[in-house]
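Every number in this text was worked out from the coordinates using simple rules, so none of it is lab data. This one's a predicted model, so the numbers in the text were calculated from it and none came from an experiment. Glycine gets a Cβ as well: all are built from the backbone with ideal geometry, and neighbour counts include every protein chain shown.
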Ligand SMILES: Cc1ncc(COP(=O)(O)O)c(C=O)c1O
């Protein structure tokens, strides 16, 4: 995936700065660290790319969603509207804060639709955890209308959408708080890491303390600080932040390459009958980490996946393959297989997760085939991929070979 493709001397230099210094911890040790604060630099770089007032680096994207929800005041018994297409981390973060996930429909944008959200509202709905899937953002004008009309808290899990934007505003900044993942599969990686963002100082201060056992990080005497809230350890290490820093600096270059590749792929593939694409609400803000095909129906998509696999081209359909990103594969959730009893089991949910039917989401997911876009592809690579995909779709549609 993009970030890991460009791993090299810049990452090595940032890591060695930390190793040579010997301070692997983001807080304290002010005398020993010789002015080296990689996590702070990483956070500043994230602010530069997103325009966020505050960025706070964390141990993972999962931690970042949990911190964003907690800092936004989501807790026991609050209903949080979530999509059925996301990485399970989104749902786990809601559950482990004691809140109740309520699933709503996605649409061809691969994100929650405003219509879907409206249908899932109850008198206990407190928040929406909106997930921007596959590198592009939800239809924010429509979503924000529902958020404002119903006075909801909006938290954006932009785990897959770092550097994506909608009408010039970055993912993660539309609501109270947002989160990004910097794991292996993302546009930029920290090895493991995540970042919380907000434009609201009070929300930032809670996130900052909550992610480090409540320390408020004021003054320079670690361990002697005040503790405005109880928290937990979601800290990132300086080593991971060093990698995240070098990688984030490469994001403009990655975006440019990815967008060119996606544009060419779409131009070529549009000429093949039966191929359309997932809707991108603002194409200019697409981070272009994925090409998302929508085929005419589930059976055609299934046959196409078989042909793609046979040809060694790859591509994933979240419905048939065990990608673990769609509710139909979350048996542990449906059967409530938990390590310890969660509030949802005591308080109940307006939905029975085992019997839940989401026909629109199922229809979209059955037709979807996604391909990760690589920033190091050449023009020839892109054209060969397009030809391969086109050939497989034609076979699946029964178009005779010329
Ligand atoms: C939408 C979304 N949210 C959260 C996460 C969790 O991120 P991490 O793997 O960094 O914990 C992911 C990871 O794939 C994701 O795709």
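Output the antiparallel fraction of DSSP beta bridges having both residues in the stretch 2-250, as a percent to the nearest 5. Mind dumping the intermediate values first?
Details: 14 of 29 bridges.
Percent antiparallel among DSSP bridges in the stretch 2-250 is about 50.
Arrange the following residues from fewest to most other Cβ atoms within 10 Å of their Cβ: 47, 111, 392.
On the way: 47 16, 111 26, 392 23.
Fewest-to-most ranking of 47, 111, 392: 47, 392, 111.
Quick one: if you stick a label point 7 Å off each Cα along the C-beta vector at residue 347 and residue 141, how many nm between them?
Result: 3.5 nm between the two label points.
If one takes the longest principal axis of the Cα atoms in the chain, at what angle in degrees, from 0 to 90 and to the nearest 10, does the Cα axis of helix 201-210 lie?
Result, in degrees: 80.
Hey, what's the Cα Rg ratio for the stretch 7-101 versus the globular rule of thumb, 2.2 N^0.38 Å?
Working: Rg = 17.4 Å, N = 95, 2.2 N^0.38 = 12.4 Å.
In units of the globular-protein estimate, the stretch 7-101 measures up at 1.40.
Using square roots of five times the C-alpha gyration tensor eigenvalues, list the equivalent-ellipsoid semi-axes of the stretch 39-154 in whole Å, biggest first.
Details: eigenvalues 112, 58, 36 Å².
In descending order, the three semi-axes are 24, 17, 13 Å.
Can you tell me the length gained on complete extension of the stretch residue 310 to residue 232, counting 0.36 nm per residue apart and subtracting the Cα distance? All intermediate terms of the calculation are to be shown ahead of the outcome.
Numbers: separation 78, 0.36 × 78 = 28.08 nm, distance 4.69 nm.
Taking residue 310 through residue 232 to full extension adds about 23.4 nm, to one decimal.
What does the extension gain come out to for residue 384 and residue 37, with contour length at 0.36 nm per residue minus their alpha carbon separation? Write down the numbers at each step before the final one.
Details: separation 347, 0.36 × 347 = 124.92 nm, distance 4.41 nm.
Difference between extended and current length: 120.5 nm.
Taking the Cβ of each residue in 14, 299 as the centre, tally the other Cβ atoms inside 10 Å and list the residues starting with the fewest. Mind showing how you got there, number by number?
Working: 14 23, 299 12.
Ranked by crowding around the Cβ, least crowded first: 299, 14.
Under 1.5 on a/c is rounded, so check that first for the stretch 87-174, then, if it is not, pick prolate when a/b is larger than b/c and oblate when it is not; a ≥ b ≥ c are the square roots of the alpha carbon gyration tensor eigenvalues.
It is oblate, given that a/c is not under 1.5 and a/b is not larger than b/c.
Report relative contact order for the stretch 2-250 in percent, whole number only (criteria: Cα-Cα under 8 Å, sequence separation at least 6). Could the numbers behind the result be given before it?
Details: 587 pairs, mean separation 67.3, N = 249.
After rounding, I find 27 percent.
Taking every alpha carbon pair in the chain, what does the distance histogram look like in 20 angstrom bins from 0, in percent?
For the chain, the binned pair fractions read 28, 56, 16, 1 percent.
How many angstrom separate the Cα center of the stretch 176-217 from the Cα center of the stretch 259-312?
So the two Cα centres are separated by 32 Å.
Which order do the peptides 345-353, 141-149 take when ranked by the mean count of other beta-carbon atoms within 10 Å per residue, highest first?
Details: 345-353: 13.0, 141-149: 16.6.
Per-residue mean Cβ counts within 10 Å order the peptides as 141-149, 345-353.
Calculate how steeply helix 38-50 sits against the longest principal axis of the alpha-carbon atoms of the chain, using the helix alpha-carbon long axis, and give the answer as 0 to 90 degrees to the nearest 10.
50 degrees
Calculate how steeply helix 140-149 sits against the longest principal axis of the alpha-carbon atoms of the chain, using the helix alpha-carbon long axis, and give the answer as 0 to 90 degrees to the nearest 10.
The angle comes out near 60 degrees.
What is the fewest-to-most order of 227, 240, 217 by other Cβ atoms lying within 10 Å of their Cβ?
Working: 227 12, 240 28, 217 15.
Listed from fewest to most nearby Cβ atoms, that is 227, 217, 240.
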